[in-house]
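**Student:** The structure is given below, and queries will be raised subsequently.
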Amino acid sequence: MMNSTQLTSFFLAGYSDIGHLKYLYFIIITVLYISIVFANTVLIVVICMERSLHEPMYLFLCSLFVNDLYGSTGLFPALMTHLVSDDHTVSTVCCYLQIFVLYTYGTTEFSNLAVMSYDRYLAICYPLQYNVIMTPSKVCILICVTWLYSFVKFTIQLSLTIRLRLCGNVIDKVYCDNYLVVKLACSTSDTTVNNISGLCGIVLSVAVPLITIVFSYIKILTICLKSSIETRQKAFSTCTPHLASLLNFSFGCFLTLLQSRFDSPMRNVPTVLHTILSVYYLMCQPLLNPIVYGARMAKIRQACKYILPVGLYPKT
């Protein structure tokens, strides 16, 4: 019997033999990762350097971009390495580290989006009191709580996974997944605490932010229906990028949950498509956020024109 103390590595079975196509996929993934790093880094630098962007909305955006860099770095380097390698094993330490990064990224992303919806609610529904309510210290507290909450919550959850006795080391994905590791436990009775913890984690990570988001947008919609066309247009312009990011991330998380928890719906899906869907929320979200916020928000576009070298930012 193989237990967690004897287990030194996991095998990632999500990689199939694709021959020389692996080099094409490697190039695509590399270009995608470089684009994500470049786009998010540029916007982080612009927000930090431009004093006019030192406002709550843009500071929350900066936190979102940092998290996108954090999450994509937890996936892409390992993915690129395994694509061109014939060895698809990963050490237990690296596997658990990747699990920690990817899960905390997901929780932080959703929490960030919830905080941003609350910020938009205050800005639209209480414009005169906004600066009094959303002070710099409160912004700092909200950002710190968002990150610390996800780190503390998943540290507890991961510690429960590490203690399990495992009777297998094959993970049917291209990256390490906590739920799939738990399924490798020798005894289902050992995973009872993990399942309860996982359920509580889902409730805390999804339900609480979702309630905040729904409440905020109901209030925003109520105000917009009673306001002038100009107010509606302003609310629409500031909320559209957030809604696009939120819907994209929710869709990606739903696909990942569907694949991890329910095998039947995904059995007839081609391997390549199955793999793309499994990494959708880790690939598309970090690339979409800089695009939708950089393109839709006038102050960020204007700051980019002043700060970036001539020719780097496209003329409009």
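**Student:** Across 10 Å bins from the origin, how do the percents of Cα pairs in the chain run, short distances first?
**Tutor:** Result, from short to long distances: 5, 24, 31, 23, 12, 4, 0 percent.
**Student:** To the nearest 20 debye, what is the magnitude of the charge dipole of the chain about its Cα centre, counting +1 on the Cβ of each Lys and Arg and -1 on the Cβ of each Asp and Glu?
**Tutor:** It works out to roughly 900 debye.
**Student:** Counting Lys and Arg as +1 and Asp and Glu as -1, what is the net charge of the other residues whose Cβ lies under 14 Å from the Cβ of SER187? Working shown, then result.
**Tutor:** Numbers: positive: ARG163, ARG165, LYS183; negative: ASP190.
For residues surrounding SER187, the net value is +2.
**Student:** Something else now. Which lysines have a Cα lying under 23 Å from the Cα of LYS153, excluding residues fewer than 8 positions away in the same chain?
**Tutor:** Once the sequence-local lysines are set aside, what remains near LYS153 is LYS138, LYS183.
**Student:** R0 = 30 Å: FRET efficiency of ILE229 with GLN129, Cβ-based, nearest 0.05?
**Tutor:** Values: r = 24 Å, r/R0 = 0.79.
The computed FRET efficiency comes out at 0.80.
**Student:** Additional query: With a 4.7 Å Cβ cut-off, tell me which Cys residues in the chain come up empty for a partner.
**Tutor:** CYS48, CYS62, CYS94, CYS125, CYS140, CYS144, CYS200, CYS224, CYS239, CYS253, CYS284, CYS304
**Student:** Could I ask something else about it? Tell me, in nm to one decimal, what length is gained between VAL206 and HIS20 on full extension, where the rule is 0.36 nm per residue of separation less the Cα-Cα distance? Present the calculation step by step, with values, prior to reporting the outcome.
**Tutor:** Working: separation 186, 0.36 × 186 = 66.96 nm, distance 4.05 nm.
62.9 nm is the gain from fully extending VAL206 to HIS20.
**Student:** Given a cut-off of under 8 Å on Cα pairs at least six residues apart, what relative contact order in percent is computed for the stretch 1-106?
**Tutor:** Computed value for the stretch 1-106: 43 percent relative contact order.
**Student:** To continue, here is another question. Leaving out same-chain residues fewer than 8 places away, which aspartates and glutamates sit with a Cα under 12 Å from that of LYS305?
**Tutor:** GLU50
**Student:** Shifting gears a bit: In nm, give the distance between the simple-model label positions of VAL193 and LEU148, each being 7 Å from the Cα along the Cα-to-Cβ direction.
**Tutor:** Going from the VAL193 label point to the LEU148 one covers 2.5 nm.
**Student:** Along Cα→Cβ, 7 Å out, is where each label goes; now give me the distance between the ones at ILE141 and LYS183 in nm to one decimal.
**Tutor:** 4.2 nm
**Student:** I've got another one for you. In terms of Cα to Cα distance under 16 Å, which lysines are near enough to LYS226, apart from those fewer than 8 places away along the same chain?
**Tutor:** The qualifying lysines are LYS234.
**Student:** Further question: Which whole-Hz couplings ³J(HN,Hα) result when phi for each residue of the stretch 8-15 is put into the Karplus expression 6.51 cos²θ - 1.76 cosθ + 1.60, θ = phi - 60°, listed in order with x for Gly and Pro?
**Tutor:** Along the stretch 8-15, the couplings run 10, 7, 10, 10, 8, 7, x, 8 Hz.
**Student:** Ok, one more. With a/c under 1.5 counting as rounded, go ahead and sort the stretch 203-258 into rounded, prolate or oblate using the C-alpha gyration tensor (a ≥ b ≥ c being the square roots of the eigenvalues; past the cut-off, prolate if a/b is larger than b/c, else oblate).
**Tutor:** Cα axes put the stretch 203-258 in the oblate bin.
**Student:** Using per-residue counts of other Cβ atoms within 10 Å, averaged over each peptide, order 99-109, 66-76, 27-37 from highest down. Spell out each step's value before the answer.
**Tutor:** Working: 99-109: 23.4, 66-76: 21.3, 27-37: 15.4.
Result, highest mean Cβ count within 10 Å first: 99-109, 66-76, 27-37.
**Student:** Additional query: Using Cα pairs closer than 8 Å and at least 6 residues apart in sequence, work out the relative contact order for the chain, in percent.
**Tutor:** 28 percent
**Student:** Okay, next question. Run the paramagnetic zone check for THR89: 7 angstrom along Cα to Cβ, then residues of the stretch 169-184 with backbone nitrogen under 12 Å.
**Tutor:** 169-170
**Student:** Further question: Cβ neighbours within 10 Å, averaged per peptide: list 224-236, 291-303 in order, most packed at the top.
**Tutor:** Most protected by this proxy first, the peptides run 291-303, 224-236.
**Student:** Go through 141-148, 124-131 and give me the packing order, highest mean Cβ count within 10 Å leading.
**Tutor:** Details: 141-148: 16.1, 124-131: 13.8.
In decreasing order of mean packing, 141-148, 124-131 become 141-148, 124-131.
**Student:** Ok, one more. For a quick check: with amide H placed at 1.01 Å from N, whose amide H comes under 5 Å from ALA13's, ignoring anything fewer than 5 positions away on the same chain?
**Tutor:** ILE171, ASP172, LYS173
A short reminder: the numbers here are calculations on the coordinates, not readings from a lab. Only a predicted model underlies this, so the values are computations on that prediction, with no experimental measurement involved. FYI the Cβ positions are ideal-geometry reconstructions off the backbone, even for glycines, and counts take in every protein chain you see.
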